[in-house]
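Chemist: I have a structure I would like to understand better, so I am pasting it below and will then ask my questions one at a time.
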Amino acid sequence: RVNCNVEQNAGIDDLAFSIPEIIAYASTVIKLLPGDVIATGTPGGVGKFRKPQLYLEPGMTVDVEITVVGTLTNGIVDEV
């Protein structure tokens, strides 16, 4: 969600690679630890391809939710 509005809704069946493949590859370039989050990308139809276009700006809030696991909330801020 962006500012409480659902902008994307996709499941793992929509991924180009399976979760085991993603974990296997990631573990070749970084040591994975319990609690690590792997961002797998985004479904189509966002950013410049969305009508109207939507880009994250300072002051916005992004919620990423995984059913049964929970929600990760991040605020967007200016570069320091």
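Chemist: Which whole-number percent gives the relative contact order of segment 12-75, counting Cα pairs below 8 Å spaced six or more residues apart?
Modeler: Details: 31 pairs, mean separation 10.9, N = 64.
Once divided by the residue count of segment 12-75, the mean separation gives 17 percent.
Chemist: Using only Cα atoms, tell me the angle between helix 19-29 and the longest principal axis of the chain; keep it within 0 to 90° and round to the nearest 10.
Modeler: On a 0 to 90 degree scale, this one is about 80.
Chemist: What is the extension gain from I38 to R1, computed as 0.36 nm multiplied by their sequence separation minus the C-alpha to C-alpha distance, in nm to one decimal? It would help to have the intermediate numbers written out before the result.
Modeler: Details: separation 37, 0.36 × 37 = 13.32 nm, distance 1.79 nm.
Gain in length upon complete extension: 11.5 nm.
Chemist: Using Stokes-Einstein with the Kirkwood hydrodynamic radius over Cα pairs, what translational diffusion coefficient do you get for the chain at 25 °C and a viscosity of 0.890 mPa s, in µm²/s rounded to a whole number?
Modeler: Details: Rh = 14.8 Å.
After rounding, the answer is 166 µm²/s.
Chemist: Something else: What FRET efficiency comes out for the pair I23/L72, r = Cβ-Cβ distance, R0 = 30 Å, nearest 0.05? Don't jump to the answer; show the numbers that get you there.
Modeler: On the way: r = 18 Å, r/R0 = 0.61.
Efficiency, from the Cβ-Cβ distance: 0.95.
Only the coordinates and a few stated rules stand behind these numbers; no lab work does. Keep in mind the model is a prediction, meaning the values are calculated, not measured. Neighbour counts run over all protein chains shown; Cβ positions are idealised from the backbone, glycine included.
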